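J.: First the structure, then my questions, so here it is.
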Amino acid sequence: MEERKASKRCGGVLPFFIGFLLSCIIGWAVIPPLFYQEVEQPLRFSHQVHVEGQGMYCDSCHYFREDGSYAGFPSIQQCAECHYVDDPEYVMEAIVEQVGEDYEAVLDLPEEEMPEALVELVMSGEERDRKAELDYLVKFAIPGKEIPWLNYQYQPDNVFFSHAAHQNLVIADLKEMEIDLDGVTVSKIEEIEESDQNCDLCHLKGIATNDTPPPFERNIISGYSKMTMKMWQCERCHAQMGQVNACYVCHK
Amino acid sequence: MQTKEFRIKWGMVIDIDKCTGCGACMVGCQVENNIAPMTKKDPYNYLQAITKDRDDASNKLRTMTWMNVYELTNGEKFPNHEVAYLPRPCMQCGNPACVPVCPVIATDKNEEGGIVSQIYPRCIGCRYCMAACPYHARYFNWWDPLWPEGMDKVLSPEASVRPRGVVEKCNFCHTRFMTAKEEARINGEDPENLAEDAYIPACARSVRPVPSPSAI
């Protein structure tokens with residue numbers, strides 16, 4: 001009888017469960033997102049406009065160099081193959097004349113009030129695309145600055161990833177692969193989504209055709225991307241494909 | 001003694017008779033692998049008044065020289081004095097003494113090619129491997145690397161920089177090996193069957209004439 005009274009005084013097991021549930025929610029759902037900060041890309045680049053609208057191919061911008069290295073993000077020189085600014089100094093002078101030294105302020109003006117020299121460079125039709133293109137022209141193309149793209153697949157600097165080694169991977173094959181390594185079976189990777197493009201294996205799903213790039217999720221402590229591939233994922237696939245998992249296969 | 005065998009084994013031969021001790025290989029190595037010059041003052045240390053200076057390069061117990069040229073003399077006076085120079089990279093031993101002693105498997109010899117790997121973020125800095133290495137080819141980072149203003153612009157993307165508290169060593173310019181494999185892949189060649197001179201470490205490259213631009 002004495003013991004029962006004691007347990008009643010503390011409210012029984014219910015408060016314990018509520019506390020347990022609360023700490024689970026806080027630990028799993030509330031705290032982890034606080035470690036990530038969403039950062040927008042410097043420019044609203046639409047793959048859709050370029051791929052579907054203009055019929056460009058992936059390797060128009062993302063291609064292998066002769067030495068086997070991979071040109072990930074295009075430079076503004078490559079952008080200028082289409083978005084050519086004939087006389088950037090002249091356009092800059094026109095902008096400065098309108099808004100003063102802080103040339104980026106020109107983007108706050110309605111399009112009708114922008115200098116003619118700038119507006120005639122814009123090739124897009126839709127309003128939001130025109131806005132993005134003006135962003136590109138004023139912030140990067142005319143002052144001649146490289147675009148500081150945020151790499152969703154950013155890896156620490158001691159990782160050496162070879163695009164050349166992975167270019168012939170086929171996702172459909174990968175889903176079927178099951179191998180036996182000295183009695184240990186590496187089972188199929190079920191969660192890989194089917195896709196025609198093997199880039200989708202590591203890169204964001206559908207990034208090749210999306211209209212507005214999603215924000216980059218940066219870990220506020222390490223600075224690394226949340227969306228990138230982790231070492232265990234690399235290792236699992238290597239094991240499954242019968243590839244070596246020695247340290248120096250990927251590290252430098 | 002049992003050695004680890006690999007189908008491919010990269011090696012380097014140094015003709016000691018030809019070595020004049022010029023040190024070009026050491027410089028090539030330091031540049032290629034982002035080995036920081038040691039500076040006494042740390043401009044980012046805001047507590048300099050109450051902390052001691054860092055070691056500079058005059059403290060040879062704490063300098064980093066993955067490739068080190070030793071001077072060997074017979075100790076005699078002129079005219080009997082004789083001198084020889086011995087460049088010493090990591091020997092990439094057949095059965096490396098540093099590997100089994102590592103408590104965290106930060107160092108291993110397991111990749112085709114036979115290069116002894118060192119993974120810096122994994123290293124806990126216990127320095128057991130340094131004690132085990134018979135060639136003194138391993139170095140401990142006593143200080144965070146620091147490049148004088150402007151010199152950080154020449155940092156190479158080929159090697160990751162190491163923080164204070166980890167051990168590092170010659171990696172036989174491993175990134176050059178990886179880029180050689182990449183080039184072979186893109187040219188339709190077998191990356192596991194590279195030509196003998198498909199890749200040459202920076203130390204050897206800095207002391208031998210360049211055969212052709214494509215081979216660099």
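J.: Does chain A come out rounded, prolate or oblate by the C-alpha gyration tensor, with a ≥ b ≥ c the root eigenvalues, rounded set by a/c under 1.5 and, if not, prolate when a/b is larger than b/c and oblate if not?
T.: Oblate.
J.: Return A:F161, A:F140, A:F45, B:F177 ranked ascending by Cβ neighbour count within 10 Å, so the fewest neighbours appear first. Provide the component values of the computation, followed by the final result.
T.: Details: A:F161 15, A:F140 18, A:F45 21, B:F177 25.
Lowest count first: A:F161, A:F140, A:F45, B:F177.
J.: OK, next. State which entries of A:K230/B:K181; A:K252/B:K41; B:K4/B:K181; A:K226/B:K153; A:K252/B:K153 exceed 26 angstrom in Cα-Cα distance in the structure shown. Can you show the working numbers first?
T.: Values: A:K230/B:K181 23 Å; A:K252/B:K41 29 Å; B:K4/B:K181 22 Å; A:K226/B:K153 28 Å; A:K252/B:K153 20 Å.
Pairs exceeding the cut-off: A:K252/B:K41; A:K226/B:K153.
J.: In percent, what relative contact order does segment A:78-141 have, based on Cα pairs under 8 Å that are 6 or more apart in sequence?
T.: Working: 38 pairs, mean separation 20.6, N = 64.
The normalised contact order for segment A:78-141 reaches 32 percent.
J.: Counting Lys and Arg as +1 and Asp and Glu as -1, what is the net charge of the other residues whose Cβ lies under 13 Å from the Cβ of A:Q78? Each step should come with its number before you reach the end.
T.: On the way: positive: A:R65; negative: A:D59, A:E81, A:E146.
In short, -2.
J.: Select from A:T185, A:T228, A:T212 the residue whose mean-square fluctuation is largest in a Gaussian network model of chain A (Cα-Cα springs shorter than 10 Å).
T.: Comparing A:T185, A:T228, A:T212 in a Gaussian network model of chain A, the most mobile one is A:T185.
J.: Pick from A:V13, A:V91, A:V138: which residue has the top mean-square fluctuation in a GNM of chain A where Cα pairs under 10 Å get a spring?
T.: A:V13
J.: Determine, from the Cβ-Cβ distance of B:D17 and A:Q167 and an R0 of 41 Å, the FRET efficiency 1/(1 + (r/R0)^6), rounded to the nearest 0.05. Can you show the working numbers first?
T.: Details: r = 46 Å, r/R0 = 1.13.
Between B:D17 and A:Q167 the formula returns 0.35.
J.: By its C-alpha gyration tensor, with a ≥ b ≥ c as the square roots of the eigenvalues, how is segment A:78-141 shaped: rounded for a/c under 1.5, else prolate for a/b larger than b/c, else oblate? Each step should come with its number before you reach the end.
T.: Details: a/c = 1.76, a/b = 1.18, b/c = 1.49.
Oblate is the answer for segment A:78-141, as a/c is 1.5 or above yet b/c matches or exceeds a/b.
J.: Now a separate question. Need one word for segment A:150-250: rounded, prolate or oblate. Basis is the Cα gyration tensor (sqrt eigenvalues a ≥ b ≥ c); a/c below 1.5 gives rounded, then a/b vs b/c decides. Numbers along the way, then the final one.
T.: Numbers: a/c = 2.10, a/b = 1.37, b/c = 1.53.
Verdict is oblate for segment A:150-250.
J.: Same structure again: Sequence gap at least 6, Cα distance under 8 Å: using those rules, report the relative contact order of chain A to the nearest whole percent.
T.: Details: 244 pairs, mean separation 68.3, N = 252.
After rounding, I find 27 percent.
J.: Next up: Using +1 at the C-beta of Lys and Arg and -1 at the C-beta of Asp and Glu, which of A:I18, A:L118, B:N141 has the Cα lying farthest in the positive direction of the dipole of the protein assembly as shown?
T.: B:N141
J.: For labels at B:V154 and A:H238 in the simple 7 Å Cα→Cβ model, what's the distance in nm?
T.: So the two model labels end up 3.3 nm from each other.
J.: Could you size up the charge dipole of the protein assembly as shown around its Cα centre, putting +1 on the beta carbon of Lys and Arg and -1 on that of Asp and Glu, and report it in debye to the nearest 20? Walk me through the numbers on the way to the answer.
T.: Values: 44 positive and 70 negative charges, 756 e Å.
The calculation lands at about 3640 debye.
J.: Between B:T51, B:A180, B:I115, whose Cα lies farthest towards the positive end of the dipole of the protein assembly as shown when Lys and Arg beta carbons carry +1 and Asp and Glu beta carbons carry -1, centred on the Cα centre?
T.: Looking along the dipole axis, the top candidate is B:T51.
J.: Same structure, new question: On full extension of the chain, what length is gained from B:V104 through B:K40, given 0.36 nm per residue of separation minus the C-alpha to C-alpha distance?
T.: Details: separation 64, 0.36 × 64 = 23.04 nm, distance 3.20 nm.
Result: 19.8 nm gained on full extension.
J.: Have a look at A:S222, A:S23, A:S46 and tell me which one the Gaussian network model of chain A (Cα, springs below 10 Å) gives the largest fluctuation.
T.: Maximum fluctuation in the GNM of chain A, among the listed residues, is at A:S23.
J.: Give me a comma-separated list of calculated 3J(HN,Hα) values for segment B:15-22, in order, Karplus coefficients 6.51, -1.76, 1.60 applied at θ = phi - 60°, integers in Hz, x for any Gly or Pro.
T.: Those phi angles translate into 7, 5, 5, 8, 5, 9, x, 5 Hz.
J.: Which FRET efficiency value, to the nearest 0.05, is calculated for A:S23 and B:E5 with the Förster distance at 51 angstrom and r the Cβ-Cβ distance? Walk me through the numbers on the way to the answer.
T.: Values: r = 53 Å, r/R0 = 1.04.
So the FRET efficiency works out to roughly 0.45.
J.: Given a Förster distance of 60 Å, report the FRET efficiency between A:I220 and B:Y135 from their Cβ-Cβ distance, rounded to the nearest 0.05. Can you show the working numbers first?
T.: On the way: r = 43 Å, r/R0 = 0.71.
The computed FRET efficiency comes out at 0.90.
J.: So for segment A:150-250, taking the charge dipole from beta-carbon charges (+1 Lys/Arg, -1 Asp/Glu), which of A:H203, A:G183, A:P213 sits furthest toward the positive end?
T.: Most positive-ward Cα: A:P213.
J.: Given Cβ point charges of +1 (Lys, Arg) and -1 (Asp, Glu) and nothing else, what value in debye, to the nearest 20, does the dipole of segment A:150-250 about its Cα centre take?
T.: Values: 7 positive and 15 negative charges, 93 e Å.
Once rounded to the nearest 20, the dipole reads 440 debye.
All of the numbers you see were taken from the coordinates with simple rules; none came from a lab. Just so it is clear, the structure is predicted and the values come from calculations on it, not from any experiment. Cβ sites come from the backbone with ideal geometry, for glycine too, and all protein chains shown count toward neighbours.
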